[in-house]
Amino acid sequence: PVCFGYPLSIFFIVINEFCERFSYYGMRAVLVLYFKYFLQWDDNLSTAIYHTFVALCYLTPILGALIADSWLGKFKTIVYLSIVYTIGQAVISVSSINDLTDHNHDGSPDNLSVHIALSMIGLILIALGTGGIKPCVSAFGGDQFDDDQEKQRSRFFSIFYLSINAGSLLSTIITPILRAQECGIHSKQRCYPLAFGVPAALMAVSLVVFISGSRMYKKVKPQGNIMIQVSKCIAFAIKNRFRHRSKQYPKREHWLDWASEKYDKRLIAQIKMVLKVLFLYIPLPMFWALFDQQGSRWTLQATTMDGNFGAIQIQPDQMQTVNPILIIIMVPVVDTVVYPLIKKCKINFTPLKKITVGMFLASLAFVAAALVQVQIDKTLPVFPAAGQSQIKIINLGTDNAVVSFEPSIQSVTVMPMKSTGYMTHETSQLQSLTVTSGNITIPVKLTEGNRHTLGVKNTVTGLQATVLADNVTSKPEEGNNLIRFINNFPDAVNVTMGDTHFGTVMPLSASDYRLFPGGQTSEVMSCSVTSQALGFGSAYTIVLNKCSGATLNVTYSEDIPPNTVHMAWQIPQYFILTCAEVVFSVTGLEFSYSQAPSNMKALLQAGWLLTVAVGNIIVLIVAGASKLSEQWAEYVLFAALLLAVCIIFAIMAYFYTYVDPNEIEAQLDEEEKKQTEKNQEGYEKQAEADSQM
């Protein structure tokens with residue numbers, strides 16, 4: 001059946017891909033947070049396991065291609081591995097149920113090993129499933145078109161890629177919202193089971209939709225164990241060439257021709273086509289090394305930025321949605337406007353030229369990211385280095401307070417109800433100091449630690465000084481805010497802010513810091529207070545002064561300034577990288593299919609996806625080996641590496657000759673036909689000669 005000139009079967013494939021990508025990207029969107037906050041892994045381990053999982057997802061396509069091309073065929077491979085995939089999603093959803101091992105109902109799992117084991121089993125099954133079907137689905141879609149539908153097939157790959165990003169966009173928006181909900185039987189926790197459960201359900205829907213179109217599909221039968229044949233042919237050619245390395249043997253046109261003694265001409269020609277393309281793939285992983293950092297480095301960059309978009313407060317991990325939003329806009333625009341315009345200008349914009357431009361744009365995107373990072377670094381607070389300490393003074397009284405340090409350090413005068421910023425000195429210089437307010441002077445000895453807040457108050461009973469050890473030595477993560485209270489009342493007070501209870505705070509004492517989501521405003525219960533926007537990534541000490549009627553008088557002291565560089569400054573780098581993805585990735589899928597022999601299309605698709613796996617491994621290697629202390633320098637390093645690789649690829653692409661696999665195979669068919677006729681004539685002549693004898 002045909003609809004709008006397209007086989008009706010491809011609509012089932014596109015819907016299937018949308019649901020599967022929703023499932024994958026939805027699960028992946030919250031995976032790092034699940035590692036860090038549920039499994040309680042540190043940043044480095046969470047990041048390492050995350051990139052290892054992504055790499056595994058792009059390594060398993062080799063297995064999927066092997067199964068599809070040589071054993072089950074694409075259709076059955078997709079069905080069976082989708083079942084494995086769905087089971088994996090269900091397992092990781094179960095692994096995130098807090099009540100599974102929370103026997104004492106304290107809100108924390110009692111046996112993390114069980115959750116870790118289930119999570120790893122689930123992730124391995126997911127990697128096997130998503131990776132296994134990845135090279136098959138796009139190639140299976142391409143199989144639905146006839147040879148005279150080249151234009152429709154090209155448009156299909158754009159629609160196919162559009163469905164990938166539509167699923168990615170919706171899941172990246174929805175699953176973080178689901179994760180932020182609270183659920184549980186005995187205690188309310190972040191709802192990871194729901195965040196993982198919905199993608200599991202979508203994967204089940206994907207499977208049902210795909211099977212529903214079974215009768216409409218054009219199913220190409222597997223044509224033997226291609227991977228083993230290819231491997232044996234290449235091994236024999238190398239061995240035979242080494243055996244005949246002497247000059248007495250004439251050279252052959254191609255080193256694979258040394259396999260002609262054992263393998264037929266068709267297989268050798270097909271392997272030549274595949275190897276030509278795979279050779280071009282060698283530089284491509286560097287593109288993915290940059291591209292996949294959207295979910296790691298760029299998200300971490302967003303945690304140090306301001307997400308206030310007026311009526312909407314954007315969380316750092318939600319900035320990832322910019323890419324799929326732009327993809328959905330850019331794919332049809334590039335496909336229907338940009339490419340036709342380039343064609344009208346009589347520019348031969350070949351697939352390999354598109355890929356080269358994509359690599360250059362990705363490099364440019366990281367230069368933009370580095371420029372943004374430079375601006376962010378200018379706004380970051382300074383924390384004490386080794387051997388240094390910091391002190392901040394808050395005057396809680398009604399008289400000026402003078403704090404004197406060692407003779408070499410100038411004394412500081414603090415006005416009533418005011419505070420200083422953090423002052424950095426050598427630790428040895430801050431062992432002791434004196435405070436003078438009114439006519440009273442008292443000595444103060446600092447406690448151990450490298451960051452202190454000194455609260456000073458001159459009362460009728462005398463001068464009081466309280467030293468608070470600040471244990472915050474970095475900006476709050478994920479753009480969250482830290483709040484604590486100092487009680488400047490003569491009596492103990494019970495402090496509640498929103499739904500967070502700070503407990504009872506004694507006079508001239510401070511509560512512990514508590515974490516609040518970024519973008520909120522502060523409102524203290526019991527007495528009303530003029531709310532103040534906290535921004536993102538800030539830390540505040542709120543001094544409770546007095547309560548007159550229903551109005552609370554407070555003083556805000558900024559411990560860590562909120563992020564001031566707006567997240568909107570990330571949009572240019574996302575836009576440039578999205579343009580790079582459109583001309584690189586969509587073209588890569590189409591190029592891989594167009595240059596592959598009929599029985600090795602899934603194999604070449606797997607080779608394309610393998611470049612993504614290698615790219616993720618490159619991230620771990622470069623980031624670990626560079627030892628760069630500045631993040632902007634790492635961005636520049638990645639940009640420079642990709643630019644160098646881009647130049648190498650452009651040179652390789654210049655010497656590449658495009659082939660038409662169908663034409664080559666048709667020529668081989670004609671040659672085989674002629675050879676068969678020739679052999680038949682020979683047999684007939686021989687038979688005639690034998691009969692005459």
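The values are calculated or read from the model by the stated rules, or taken from the named source; none is laboratory data. As the structure is a prediction and not an experimental result, all values here were calculated from the model. Using ideal geometry, Cβ is built from the backbone for each residue, glycine included, and neighbour counts are taken over all protein chains shown. Ligands, DNA and RNA are excluded from the accessible area calculation, which covers all protein heavy atoms including side chains. Shrake-Rupley method; radii C 1.70, N 1.55, O 1.52, S 1.80 Å.
Report whether or not Leu278 is in the same structural domain as Ile576 (by the TED database) and surrounded by fewer than 19 Cβ atoms within 10 Å (Cβ to Cβ). Spell out how you get there, then give the answer.
Details: in the same structural domain as Ile576 (by the TED database): yes; surrounded by fewer than 19 Cβ atoms within 10 Å (Cβ to Cβ): yes.
For Leu278, the condition - in the same structural domain as Ile576 (by the TED database) and surrounded by fewer than 19 Cβ atoms within 10 Å (Cβ to Cβ) - is met.
Out of the residues in region 196-225 meeting the condition of being open to solvent by 50 Å² or more (accessible area, probe 1.4 Å) and assigned to a helix (DSSP H, G or I), tell me which one is farthest from Pro7 (Cα to Cα). Reasoning before the result, please.
Here is the first cut: in region 196-225, the residues open to solvent by 50 Å² or more (accessible area, probe 1.4 Å) are 201, 205, 208, 211-212, 215-216, 218-223, 225.
Among the residues that remain, those that are also assigned to a helix (DSSP H, G or I) are: 201, 205, 208, 211-212, 215-216.
Numbers: Ala201: 28, Val205: 22, Val208: 19, Ile211: 16, Ser212: 15, Arg215: 12, Met216: 9 Å.
By that ranking, first place goes to Ala201.
When both residues are 6+ apart or on different chains and their Cβ atoms are under 9 Å apart, which pairs have a first residue that lies in region 86-105 and is assigned by the TED database to the domain that holds Leu118, and a second that is acidic (Asp, Glu)?
Thr101/Asp110; Asp102/Asp110; His103/Asp110; Asn104/Asp110; His105/Asp99
Please enumerate the residues belonging to region 251-268 that are open to solvent by less than 60 Å² (accessible area, probe 1.4 Å), free of Cβ contacts under 8 Å to residues at least 60 places away in the same chain and part of a helix (DSSP H, G or I).
Once the filter is applied, which keeps residues that are open to solvent by less than 60 Å² (accessible area, probe 1.4 Å), free of Cβ contacts under 8 Å to residues at least 60 places away in the same chain and part of a helix (DSSP H, G or I), region 251-268 yields Leu256, Asp257, Trp258, Ala259, Leu267, Ile268.
When you go through (1) within 30 Å of Asp377 (Cβ to Cβ); (2) open to solvent by less than 30 Å² (accessible area, probe 1.4 Å) one by one for Pro661, which number turns out not to apply?
Going through (1) within 30 Å of Asp377 (Cβ to Cβ); (2) open to solvent by less than 30 Å² (accessible area, probe 1.4 Å) one by one, Pro661 breaks only (1).
Kindly indicate whether any position in region 467-486 is over 21 Å from Ile542 (Cβ atoms) and either modelled with pLDDT of 80 or more or in the same structural domain as Tyr37 (by the TED database) (or both).
Checking region 467-486: not a single residue is over 21 Å from Ile542 (Cβ atoms) and either modelled with pLDDT of 80 or more or in the same structural domain as Tyr37 (by the TED database) (or both).
How about region 368-402: which of its residues are touching a helix residue (DSSP H, G or I) at 6+ places or on another chain (Cβ under 6 Å) and within 22 Å of Thr578 (Cβ to Cβ)?
Scanning region 368-402 gives Ala368, Ala369, Ala370, Val372, Gln373.
Among the numbered criteria (1) in contact with a His (Cβ under 9 Å, 6 or more places away or on another chain); (2) under 14 Å from Leu577 (Cβ atoms), which single criterion is violated by Ala365?
For Ala365, the exception is condition (1).
Only residues that are open to solvent by 50 Å² or more (accessible area, probe 1.4 Å) and closer than 21 Å to Gln270 by Cα: list them for region 232-250, please. If you could, list the steps in order and put the result at the bottom.
Narrowing region 232-250 to residues open to solvent by 50 Å² or more (accessible area, probe 1.4 Å): 232, 235, 238-239, 241-243, 245-250.
Matches in region 232-250: Lys232, Ala235, Ile238, Lys239, Arg241.
Need a quick list: helices (runs of 4 or more DSSP H) entirely within region 566-665 having at least 3 residues that are in contact with a Phe, Trp or Tyr (Cβ under 7 Å, 6 or more places away or on another chain).
Values: elements: 571-581, 587-594, 601-626, 631-654.
In region 566-665, the matching helices (runs of 4 or more DSSP H) lie at 587-594, 601-626, 631-654.
For Ile271, work out the one condition from (1) within 28 Å of Ile67 (Cβ to Cβ); (2) free of Cβ contacts under 8 Å to residues at least 60 places away in the same chain; (3) not assigned by the TED database to the domain that holds Ile329 it doesn't fulfil.
Result: Ile271 passes all but (3).
Only residues that are within 23 Å of Ala640 (Cα to Cα) and in contact with a helix residue (DSSP H, G or I) (Cβ under 6 Å, 6 or more places away or on another chain): list them for region 297-321, please. Can you show your working first?
Filtering region 297-321 down to residues within 23 Å of Ala640 (Cα to Cα) leaves 297-302.
Correct list: Thr299, Ala302.
On the given criteria, is Ser594 modelled with pLDDT of 80 or more and open to solvent by 40 Å² or more (accessible area, probe 1.4 Å)?
Yes; evaluated as a whole, the condition is true for this residue.
From the set of residues in region 108-133 that are hydroxyl-bearing (Ser, Thr, Tyr) and over 18 Å from Thr52 (Cβ atoms), which is most open to solvent (accessible area, probe 1.4 Å)?
Here is the first cut: in region 108-133, the residues hydroxyl-bearing (Ser, Thr, Tyr) are 108, 113, 119, 130.
Subsequent filtering for residues that are over 18 Å from Thr52 (Cβ atoms) retains 108, 113.
Details: Ser108: 51, Ser113: 81 Å².
Residue satisfying both the conditions and the ranking: Ser113.
Considering region 72-107 alone, what residues qualify as being of a type in the set (Phe, Trp, Tyr) and open to solvent by less than 30 Å² (accessible area, probe 1.4 Å)?
First, the residues of region 72-107 that are of a type in the set (Phe, Trp, Tyr): 75, 80, 85.
Result: Tyr85, single match.
Give me the pairs, please: first residue somewhere in region 666-693 and surrounded by 10 or more Cβ atoms within 10 Å (Cβ to Cβ), second residue anywhere and modelled with pLDDT of 75 or more and not acidic (Asp, Glu), beta-carbon distance under 8 Å, and either six or more positions apart or on two chains.
Leu668/Lys265; Leu668/Arg266; Leu668/Ala269; Glu671/Lys265; Glu672/Arg266
Working only within region 489-501, note down all residues that are open to solvent by 10 Å² or more (accessible area, probe 1.4 Å) and not charged (D, E, K, R). Spell out how you get there, then give the answer.
To start, the set of residues in region 489-501 that are open to solvent by 10 Å² or more (accessible area, probe 1.4 Å) comprises 489-494, 496, 498-501.
Phe489, Pro490, Ala492, Val493, Asn494, Thr496, Gly498, Thr500, His501, listed by residue number.
For region 284-295, indicate whether the set of residues that are open to solvent by 40 Å² or more (accessible area, probe 1.4 Å) and either over 30 Å from Tyr658 (Cβ atoms) or within 40 Å of the chain's Cα centre (by Cα) (or both) is non-empty.
Taking region 284-295 first, the residues open to solvent by 40 Å² or more (accessible area, probe 1.4 Å) are none.
There is no residue in region 284-295 that is open to solvent by 40 Å² or more (accessible area, probe 1.4 Å) and either over 30 Å from Tyr658 (Cβ atoms) or within 40 Å of the chain's Cα centre (by Cα) (or both).
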